[in-house]
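Quick one: structure below, then a few questions.
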Amino acid sequence: MAARPVGAERNLRFVLTGIAVGLLAGLLSGLFGVGGGTVIVPLLVLILGFDQRLAAGTSLAAIVPIATVGVISYALHGEVAWFAALILAGAAVVGAQVGTWLLARLPQKVLRWGFIGFLGIVIVMLFVVIPSRDAGLELTWLSGFGLVVLGLLTGVLSGLLGVGGGIVVVPALMILFGTSDLLAKGTSLLMMIPTAISGTIGNFRRGNVDLTAALLVGVAACTTTALGAWLATLMDPLVANITFALYLAFIAGQMAYKTVRSGRK
């Protein structure tokens, strides 16, 4: 069983914080096709005093129900590429093992700045490539190979940096594979489910999951994930790209701040 983190007493503040974090994470997850970990982790650390590992493990557990509701919401609109998501998930699981192996062997500062640079390129491309809502994902030997490579890369980055797959998979599917923004988001959410389950099992065995907090965040998020997915269908593709670019800019800024701050210590 996970040790209780300092500052996270089971009181009204704990419950209300978990619910509030879940509501925000669910909305962003449905809107952008991401897991919501970029919201859950820092808020659990800042408000409830979780350490980084416990926050990350708890976030991953909460992502399982969040992504499940998100997939159902996008599937109702026919915006999930099922087989493509399974290819991505299988490759990501393998890539995550490579990422965790490299974690102890590569300088984190260089990796973080490299990823920040990658996000910068993606943000620019989101203003250049505006996806069509009618665009699908045709599976060929070439595209299948590309999905395997994308899944491996996503898994490696996840293992190295602790980032969710959505911020890599969603823009990659739109920019490199020419899919619609909605199909990219629905497929990304489906890809996350087996990856999150696998990671949660490992984290639970190591005592890095607060099940009470994960349940609070996950259940609360399920009430807003469908709303976020519905709002995504109402957005013009250009507006959707702009909002997603702003979200990525926030993540890049947050990561840059942490990298600079850690370098001063």
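The values are calculated or read from the model by the stated rules, or taken from the named source; none is laboratory data. This one's a predicted model, so the numbers in the text were calculated from it and none came from an experiment. So basically every Cβ, Gly included, is an ideal-geometry build from the backbone, and we count neighbours across all protein chains shown.
Cβ-Cβ distance below 9 Å, separation of 6 or more or different chains: which pairs start in segment 117-135 with a residue that is farther than 19 Å from residue 186 by Cα and end on one that is modelled with pLDDT under 80 and in a helix (DSSP H, G or I)?
118/157; 119/255
Would you pick out the residues in segment 133-151 that are farther than 20 Å from residue 240 by Cβ and not in a helix (DSSP H, G or I)?
Correct list: 138, 139, 140.
For the subset of segment 94-114 comprising residues that are over 11 Å from residue 156 (Cβ atoms) and surrounded by 15 or more Cβ atoms within 10 Å (Cβ to Cβ), which member is modelled with the lowest pLDDT?
The qualifying residue modelled with the lowest pLDDT is 112.
Could you give every pair whose Cβ atoms fall below 6 Å, whose first residue belongs to segment 17-38 and is under 14 Å from residue 67 (Cα atoms), and whose second residue is part of a loop (DSSP other than H, G, I, E, B), counting only separations of at least 6 or pairs across chains?
Short answer, once both residue conditions are applied: 25/36; 28/36; 29/36; 34/164; 35/164; 37/164.
If you don't mind, there's one more thing I want to ask. Does any residue in segment 56-76 that is in contact (Cβ under 8 Å) with a residue 60 or more places away in the chain come within less than 7 Å, Cβ to Cβ, of a residue that is of a type in the set (Lys, Arg) six or more places away or on a different chain, and which pairs are these?
74/185
Of all residues in segment 81-93 being at pLDDT 90 or above and among the aliphatic types (A, V, I, L, M), which is surrounded by the fewest Cβ atoms within 10 Å (Cβ to Cβ)?
86
Same structure, new question: Just to be sure I understand the filter: pairs with C-beta atoms under 8 Å, separated by 6 or more residues or on different chains, first member in segment 214-234 and among the aliphatic types (A, V, I, L, M), second member outside any helix (DSSP H, G or I) and buried (at least 22 other Cβ atoms within 10 Å of the Cβ). Which pairs pass?
Cβ pairs passing all conditions: 221/36; 232/33.
Going through segment 210-223 one residue at a time, which ones are under 16 Å from the mean Cα position of the chain (by Cα) and either closer than 13 Å to residue 40 by Cβ or buried (at least 24 other Cβ atoms within 10 Å of the Cβ) (or both)?
If the condition is that a residue be under 16 Å from the mean Cα position of the chain (by Cα) and either closer than 13 Å to residue 40 by Cβ or buried (at least 24 other Cβ atoms within 10 Å of the Cβ) (or both), then 214, 217, 218, 221 are the ones that fit.
Okay, next question. When residues of segment 68-79 are filtered for being in a loop (DSSP other than H, G, I, E, B), crowded, with 23+ Cβ neighbours inside 10 Å and of a type in the set (A, V, I, L, M), how many remain?
0
I've got another one for you. Need a quick list: helices (runs of 4 or more DSSP H) entirely within segment 155-246 having at least 1 residues that are modelled with pLDDT of 90 or more, among the charged types (D, E, K, R) and closer than 21 Å to residue 123 by Cα.
Working: elements: 166-175, 181-205, 211-234.
Correct list: 181-205.
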